Every structure is written in structure tokens, then in C-alpha cells.
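**Student:** The structure follows.
The values are calculated or read from the model by the stated rules, or taken from the named source; none is laboratory data. For clarity, every value in this text was computed on a predicted model and none was experimentally measured. Note: ideal-geometry Cβ built from the backbone for every residue, glycine included; neighbour counts use all protein chains shown.
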């Protein structure tokens, strides 16, 4: 099968081709948080590029949505929730529409708009993502969100894990994909090494400095959920793949 890793949205040589499947990866924390929200019963997630676009949804939707997200890891003034996956519990999100904007993740998502559909992947749904993609005949593109335009180890780690699972030892077709696979194999040989790589990553260090170790630990927990969130650019919303 055709699997391509993009280590950053800016490193995509051209827009994603129509007819492909994208996977956006922002392990710390947007992907992980979106998965938590939908797994705990959120009806839909509407990702926006800007805070202003998020606030505008209040007047567009029939019921007031939950507003979630962050700017530079901090709660956005006027929003209900920040970007901690642990905050998105069933008693808060079940049955609600979530409007969501983050510094890196939602920007990466919108960079994939030429794709037919874009899946949301993180370690908490790794097996579900791999199972879904293993059935694909379309080209698969794995896009790492990064942090403020810089490469992030946690996203590359996940991209490498998924690419390795899908290719099953077949050679990668390009340098970025092979780099991600090699990085995963080098830094996740044991559970302890994997977790330390998460702590040492750019995103991990940022969260540890803010006292948010629990968020990193949760994001490093594999296969908590069996759902696959899907964003279809034609509708602009993220729902659970059926």
C-alpha cells in the first residue's frame, strides 16, 4: 500500500491529492483530546483555525456549543475547556457539539483539506487507526502537526509506529517516511524508553514545565479507545467513523 509521512505540514511538497486519506497527528494534545471528546459522547467536533471563528459558531448553531482548545498551551479567555484530554469527560461533553481550536492541531487539519477525508490519530486509538487504514486502497498520508513550526518527537513517533504497522517491513517510498519509521524503532524499543521519549519531546517538555505530566501520561497510553474520528472537509465537522 501507499503510505507517506509528512514530518510537518510545511514539508508537504504539494497539497494532498484528491482521492487520498489523510491522518492528522497532534499527539500532545489536539488529536488525543478530540478522540477523548468523541469517545465520551460528544456529538460532533467543529475545528476552526482562529478563536474568532470559534466564537462565531455560538450564533450559527441552534444550541450553544462547548468551546475548547488553547493558545500556547493556555486556556483561551471565554472558552469552557482547555486542551487537556482529561477534562473531556462524559458528564461534560456527552451529547454536546464541541467547537475546537488549537495552536497547531487544527491548523494541520485544515492543511489537509484537499483529501477526501482526514482521520484523527494518536496513541490512544493506534490500533483502531491501523485497522481502518489497513483496509484502504487509497493512498495514505500521515501529517505531523509539529509545534510552532518545529518538528516534534511525539508526532513523528506515532507516524513511524503507524507507517511501520502498515508497511510490515516493506521499504518506505520516501525519506520522511523512512525517517519516521527509523525514529520509532530507535526510541520505542521498550515501554520505558517510549515514555521517556514522550517526556523529552518538545511537546512533552512544554507540558511538564506547566505541571501537566498527567496529560503526557494519558497521551502515551495506547489503545484506550476503539474509535476513529473523521473530518470531512465537505462538511467541516469531525464525527466518529461508522
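**Student:** Looking at 95, 105, which is the one that is surrounded by 18 or more Cβ atoms within 10 Å (Cβ to Cβ) and within 24 Å of residue 39 (Cα to Cα)? So that I can check it myself, show each step before the final result.
**Tutor:** Details: 95 fails: surrounded by 18 or more Cβ atoms within 10 Å (Cβ to Cβ).
That would be 105, the only listed residue that is surrounded by 18 or more Cβ atoms within 10 Å (Cβ to Cβ) and within 24 Å of residue 39 (Cα to Cα).
**Student:** If you don't mind, another one. Can we say residue 77 is over 24 Å from residue 207 (Cβ atoms), assigned to a loop (DSSP other than H, G, I, E, B) and out of contact with any strand residue (DSSP E or B) (no Cβ under 6 Å at 6 or more places or on another chain)?
**Tutor:** So residue 77 fails the test.
**Student:** Another question about this same structure. Out of all the residues in the range 215-242, which are more than 18 Å from residue 40 (Cα to Cα), under 15 Å from the mean Cα position of the chain (by Cα) and assigned to a loop (DSSP other than H, G, I, E, B)?
**Tutor:** To start, the set of residues in the range 215-242 that are more than 18 Å from residue 40 (Cα to Cα) comprises 216-217, 220, 232-236.
Next, from what is left, pick out any that are under 15 Å from the mean Cα position of the chain (by Cα): 216, 220, 232.
Within the range 215-242, just 220 meets the criteria.
**Student:** Got a sec? Which of 218, 205 is surrounded by fewer than 17 Cβ atoms within 10 Å (Cβ to Cβ) and either in contact (Cβ under 8 Å) with a residue 40 or more places away in the chain or in contact with a helix residue (DSSP H, G or I) (Cβ under 9 Å, 6 or more places away or on another chain) (or both)? Let's see the steps before the verdict.
**Tutor:** On the way: 218 fails: surrounded by fewer than 17 Cβ atoms within 10 Å (Cβ to Cβ).
On inspection, the qualifying residue turns out to be 205.
**Student:** A follow-up question, please. Being part of a helix (DSSP H, G or I) and within 29 Å of residue 42 (Cα to Cα): is that true of residue 156 here? First the steps, then the outcome.
**Tutor:** Details: part of a helix (DSSP H, G or I): yes; within 29 Å of residue 42 (Cα to Cα): yes.
When the stated conditions are applied, residue 156 passes them.
**Student:** Among 70, 63, which is out of contact with any helix residue (DSSP H, G or I) (no Cβ under 9 Å at 6 or more places or on another chain), over 30 Å from residue 18 (Cβ atoms) and in contact (Cβ under 8 Å) with a residue 24 or more places away in the chain?
**Tutor:** 63
**Student:** Looking at the range 113-133 only, could you name the residues that are in contact (Cβ under 8 Å) with a residue 40 or more places away in the chain and touching a helix residue (DSSP H, G or I) at 6+ places or on another chain (Cβ under 7 Å)?
**Tutor:** Hits for the range 113-133 are 118, 119, 120, 121, 122, 123, 124, 125, 126, 129, 133.
**Student:** Only residues in the range 1-12 that are farther than 16 Å from residue 132 by Cα count as the first member; pair them with residues that are modelled with pLDDT under 95 and assigned to a loop (DSSP other than H, G, I, E, B), Cβ under 6 angstrom, at least 6 apart or cross-chain, and list the lot.
**Tutor:** Short answer, once both residue conditions are applied: 6/12; 9/111.
**Student:** If you don't mind, another one. Touching a residue at least 60 places away in the same chain (Cβ under 8 Å) and either over 21 Å from residue 119 (Cβ atoms) or touching a helix residue (DSSP H, G or I) at 6+ places or on another chain (Cβ under 8 Å) (or both): is that true of residue 172 in this structure? Let's see the steps before the verdict.
**Tutor:** Details: touching a residue at least 60 places away in the same chain (Cβ under 8 Å): yes; either over 21 Å from residue 119 (Cβ atoms) or touching a helix residue (DSSP H, G or I) at 6+ places or on another chain (Cβ under 8 Å) (or both): yes.
Answer is yes for this residue.
**Student:** Across the range 163-206, what is the number of residues that are farther than 19 Å from residue 4 by Cα and part of a helix (DSSP H, G or I)?
**Tutor:** Count: 17.
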